[in-house]
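A quick write-up on the structure given underneath.
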Amino acid sequence: MRRKGLSYAKYGYIFCIPFVLAFLIFSLYPIIYTAVIGFTDLKGLGRTDFKILENPFQNFITIIKNASFQQSLKNTIIIWVVNFIPQILIALLLTAWFTNHRNKIKGQGAFKVLFYMPNIITAATIAILFYSLFGYPKGPVNDLFMMLGITDEPIYFLIQKSTARGIVSFIQFWMWYGYTMIVLISGVLGMNPELFEASEIDGATSAQTFFFITLPNLRTILLYTLITSLIGGLNMFDIPRLFLLGGPDNATLTTSVFIYNQAFSGSYMYNRAAAASMIMFVIIAILSGMIFYIMRDKDAAQLKKFQKKQQKALRAAEKAGRRADG
Amino acid sequence: MRVKSNKSLYIGKIIKYFVCIFLAILSIFPFWIMLTNATRSTYEIQQNSISLIPSTYLLDNIRVLLGKSFNPLKGFINSMIISTGATLCTVYFSSLTAYALVAYDWRLRQPFFTFILAVMMIPAQVTSIGFYQFMYRVHMTNNFLPLILPAIASPATVFFMRQYLLATLSIDIVNSARIDGAREFYIFNKIILPIMKPAVATQAIFSFVGSWNNLFMPLILLTDNDKYTMPIMVSLLRGDIYKTEFGSVYLGLSLTVLPLFVIYFMLSKYIIAGVALGGVKE
């Protein structure tokens, strides 16, 4: 029986070959290539030959000291934070409402479908749609605001730094809160129903149940959502690139747009773009490491820990025994 | 006391519905404006840019839109080729890899799974410079293959497929097929893939939409107008040539959204369920 099991093992390797090959060619090699380019003088359209710089870290130093890069990193973080806080709060609120057994909201299915809808639409389209919606002096949003009496004069949203950034954050929020809500709801539905029954029997209010039962049990999923959203946010490209092309005055320039501009729009500074990519890669790798740590097989990890502890104890006992002998 | 709590319950309910309906309107409103303005003339839009009812200038807008560089049919076909190819690669090879991880007992199985988890989050953006240079050197820019073949290695899909197989696959089926003399590759294609149909369908939708909406990679690799995908076509609407043609811009945007709307409203049930299942993804 055991021999038979072994003879099939080779198919495990064979069936993984396409994945491994595709990964080596299209992911690993480009990563290494990008890293190497970061240390070279490769710039200019159509060039592929390069040599390592005298000071290999020159590009990295240039990028870190570059005011636009610093600005883009700052923008990316501001835009992400301003989008994520309301996103997670609204998603949590809706999760609490939609999973409340005592008074159910009618038409939940339809609401879910509508809340998630923007997420599936091409981001490039949404960026240009919002550019049109926020037109000045005539545009749907300005018309609406004046109709509702929110403002008397049309607002030039797209030329002010804060409103421009705010709109990008809003688009991100609008595209992603439905997704986050569905993930959180599925997290709540995956919890042991006895927990909720017990709290109901104990006479807890809906709010108490939410804060003391639901929220603590959602911790892992919340952390996961936070980090994946952060990684996604650090790669934000389509919306800031097409909405205002990084402007006004670099206010919506994100790191991905910065990298794109360095390499592909006009200047062809592949080496600097590669250095900036690697800086982002390290940041994202650290964040991914955190997700990996959260998602690892907890039981297996615990078992390993336990075995290690036992071995240690065993060794300690042996040592003690030897000492006693001596 | 009882009356009071009923009243506050009532108010709470009103607030809940108010917020939900407000958010629903927020989802619909931009697209509604887009669709009605697609049928209105530039003059009408300049007079009043909000109209809940369509007008009669659709044909004029179509003429203006197609008279310039925007070619939705070409973009549609190109995007269709890339997205279909990438989706087939993703679901087939991810299923195969997941099956290898679940059904066979090989020495590197656990390390390989750990490795897949580790590389799940690497975004294509940060490796794009090396990817572009590599493709440029082998003369593969303006070719669809570099946008299709990388889909063979989709760690997140493998992860999802593995979870699904762990829950559904019984090794007895595989063993009885072996006794009947079936070869391993045949077993996967004829027995395992049909079992995985629900998971394949879910992942196919997400893979297709993800590939369809992708702007970054096609923008870097495709410089030839004839090769433009839908999102690149859309980005042309931001250019100067359509600056004053408001109706045509809204129409162009609508054309790119309509196929997605059709897919979404036909499959929304499965899509929402898929998001809930794949919570541990993307």
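The values are calculated or read from the model by the stated rules, or taken from the named source; none is laboratory data. As the structure is a computational prediction, the values presented were derived from the model and not from experiment. Counting neighbours? That spans all protein chains shown, and the Cβs are built from the backbone with ideal geometry, glycine included. Protein only, heavy atoms only, side chains kept; ligands, DNA and RNA dropped before computing areas. Shrake-Rupley method; radii C 1.70, N 1.55, O 1.52, S 1.80 Å.
Here's the yes/no breakdown for (1) away from chain B (no Cβ under 11 Å); (2) in contact (Cβ under 8 Å) with a residue 12 or more places away in the chain; (3) among the polar types (S, T, N, Q):
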| site | (1), (2), (3) |
| --- | --- |
| A:A9 | no, no, no |
| A:G44 | yes, yes, no |
| A:F57 | yes, yes, no |
| A:I63 | yes, yes, no |
| A:V81 | yes, no, no |
| A:F98 | no, yes, no |
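Here is a check on your reading of the model: is A:M175 under 15 Å from the mean Cα position of the chain (by Cα) and of a type in the set (A, V, I, L, M, F, W, C)?
Numbers: under 15 Å from the mean Cα position of the chain (by Cα): yes; of a type in the set (A, V, I, L, M, F, W, C): yes.
Yes.
I need a count of the residues in the range A:202-243 that are of a type in the set (S, T, N, Q), in a helix (DSSP H, G or I) and open to solvent by 30 Å² or more (accessible area, probe 1.4 Å).
Number of matching residues: 4.
Let me spell it out: the conditions are (1) free of Cβ contacts under 8 Å to residues at least 60 places away in the same chain; (2) assigned by TED's automatic domain parsing to the domain that holds B:S154; (3) open to solvent by less than 60 Å² (accessible area, probe 1.4 Å); (4) in a helix (DSSP H, G or I), and B:I173 meets all of them except one. Which number is the exception?
(3)
Would you be able to say whether some residue in the range A:27-36 is more than 8 Å from every other protein chain (Cβ to nearest Cβ), in contact (Cβ under 8 Å) with a residue 24 or more places away in the chain and open to solvent by less than 40 Å² (accessible area, probe 1.4 Å)?
no
For the range B:211-267, which positions are over 19 Å from B:T141 (Cβ atoms), small (G, A, S) and not in a loop (DSSP other than H, G, I, E, B)?
Within the range B:211-267, B:G247, B:S248, B:G252, B:S254 meet the criteria.
Could you run through the range B:125-141 and say how many residues are open to solvent by 50 Å² or more (accessible area, probe 1.4 Å) and either within 7 Å of chain A (Cβ to nearest Cβ) or modelled with pLDDT under 90 (or both)?
2
Residues in the range B:142-158 that are at the interface with chain A (Cβ under 9 Å from one of its Cβ atoms), in a helix (DSSP H, G or I) and open to solvent by less than 30 Å² (accessible area, probe 1.4 Å): how many?
Here the count works out to 5.
When you go through (1) within 10 Å of another protein chain (Cβ to nearest Cβ); (2) farther than 19 Å from A:I239 by Cα one by one for B:L237, which number turns out not to apply?
Going through the list (1) within 10 Å of another protein chain (Cβ to nearest Cβ); (2) farther than 19 Å from A:I239 by Cα, B:L237 breaks only (2).
Scan the range B:64-113 residue by residue and report those that are open to solvent by 40 Å² or more (accessible area, probe 1.4 Å), at the interface with another protein chain (Cβ under 8 Å from one of its Cβ atoms) and under 23 Å from B:I152 (Cβ atoms).
Selection gives B:F93, B:L108, B:R109.
Go through the range A:290-306 and count every residue that is out of contact with any helix residue (DSSP H, G or I) (no Cβ under 8 Å at 6 or more places or on another chain) and modelled with pLDDT of 75 or more.
1
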